[in-house]
Each structure stands twice: as C-alpha cells, then as structure tokens.
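S.K.: Here it is, the structure in full.
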C-alpha cells in the first residue's frame with residue numbers, strides 16, 4: 001500500500017508539472033503570423049514586407065514599425081538577421097508615440113558591438129552609461145563576439161516593473177532597474193543605414 005501511495009503521489013506530481021508547463025507555453029502570443037503585417041504600422045515610408053515567415057525592412061529613413069498591442073510586464077523573444085556590412089537596428093519595448101508621431105520608450109540596440117545595450121529614446125543611454133566607471137568595460141567583456149554576422153541572432157527581453165533584463169544568444173547583456181517607461185508597444189527599427197533588416201519568431205507573454 002505504501003509503495004502504491006508513493007507511486008500515486010509521483011504520478012500526480014508529474015501530471016501537475018506537465019499541466020503547468022502546458023499552461024505556461026499557452027501564454028505565449030505570436031505578434032507576427034508569418035503571412036501579413038496585421039497589427040503593425042509605421043508612419044515613415046519604407047519597404048516593409050511580410051515574406052517567408054519574416055518581416056523585412058529596407059529604408060533610407062529612421063523607420064519604426066510598431067505593434068498595436070500594449071504590454072506592461074512581459075517576456076519577449078525575437079530573432080534578427082542583419083546585413084553583412086552596414087546596419088543600425090533595434091528592438092523597441094514599452095514604446096509610445098508622441099504628438100509628433102515620434103516614438104519614445106526603451107530600445108534594445110542591434111548594432112554590432114553594442115547589441116544588447118539599452119537606449120531610452122528621447123533621454124539617452126540607460127545601460128551601459130559612460131559616466132558610471134566600468135560599465136562599458138563590463139558590457140563589452142560580456143558581449144564580445146556574441147552577435148553573429150550572416151546568422152539569425154536570438155534576443156530575449158524581460159520587463160517586470162522597473163527591472164529590465166536582456167539576453168543575446170543566451171548570454172545576459174543587461175540587468176538593470178529603470179522606471180522611465182512602464183508600458184507600451186513592441187517595435188522594430190531600421191535606422192536608415194544599410195540593407196534589409198530581417199525579423200522573425202516574434203513572441204511575447206505577459207508576466
């Protein structure tokens with residue numbers, strides 16, 4: 001009887017873990033269905049397309065492609081592939097449009113050696129900050145050679161209250177507290193420099 005009870009408890013535990021895992025996975029929302037740009041918009045001209053399960057952007061202006069959903073606390077996963085030589089991109093989060101249609105909010109930089117850093121549009125660098133001794137050295141020591149040219153790179157962003165964390169290809173690049181922006185949209189940037197910027201597997205879940 002004791003062995004049977006232990007077996008029953010073990011089976012119940014496995015069922016509970018499996019159930020929780022399933023519920024957790026069901027919380028993910030795809031912000032791009034791979035077919036069209038429903039739910040995305042930009043007020044700057046450029047070639048923005050849904051192509052082969054990717055969003056591609058080509059422009060000579062600073063273009064922000066904004067999603068229409070608003071999130072407060074969340075976990076976001078995006079894959080990016082940049083041109084070989086010249087590019088300047090970013091993943092915007094907690095983004096809001098101003099009266100002049102210029103977005104403000106946080107940006108995870110996608111720009112060579114500073115990919116994985118955090119910039120606050122309209123107010124400047126959040127991490128790393130030059131005036132804070134050692135931050136740039138620490139950041140570059142963590143991110144050296146992390147971003148892969150001509151390959152898909154995985155970016156993960158987690159926001160809970162003022163706590164912001166970023167990972168690039170599985171390595172944490174930022175772990176800070178900042179309260180400038182508490183909620184907003186997800187956005188994809190092409191700064192007008194370089195060729196086609198490519199994005200795919202854009203998934204998010206509320207926390």
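The values are calculated or read from the model by the stated rules, or taken from the named source; none is laboratory data. Small disclaimer: the values here were computed from a predicted structure and weren't measured. A quick note on method: Cβ atoms are made from the backbone with ideal geometry, for glycine too, and the neighbour counts reach across all protein chains shown.
S.K.: Regarding residue 201, is this residue without any contact (Cβ under 8 Å) to a residue 40 or more places away in the chain, assigned by TED's automatic domain parsing to the domain that holds residue 142 and surrounded by 15 or more Cβ atoms within 10 Å (Cβ to Cβ)?
M.R.: no
S.K.: Quick one: count up the residues across the stretch 124-148 that are exposed (fewer than 13 other Cβ atoms within 10 Å of the Cβ) and touching a residue at least 24 places away in the same chain (Cβ under 8 Å).
M.R.: The number of residues fulfilling the criteria is 1.
S.K.: Which residue is farthest from residue 187 (Cα to Cα), if the candidates are limited to the stretch 57-86 and must be more than 16 Å from the chain's Cα centre (by Cα) and part of a strand (DSSP E or B)?
M.R.: Per the criteria, the residue is 58.
S.K.: Got a sec? Which of 67, 88, 62, 52 is touching a helix residue (DSSP H, G or I) at 6+ places or on another chain (Cβ under 9 Å) and at pLDDT 85 or above?
M.R.: 88
S.K.: Then there is this: Among 173, 115, which is at negative phi, touching a helix residue (DSSP H, G or I) at 6+ places or on another chain (Cβ under 6 Å), surrounded by 14 or more Cβ atoms within 10 Å (Cβ to Cβ) and at pLDDT 95 or above?
M.R.: 173
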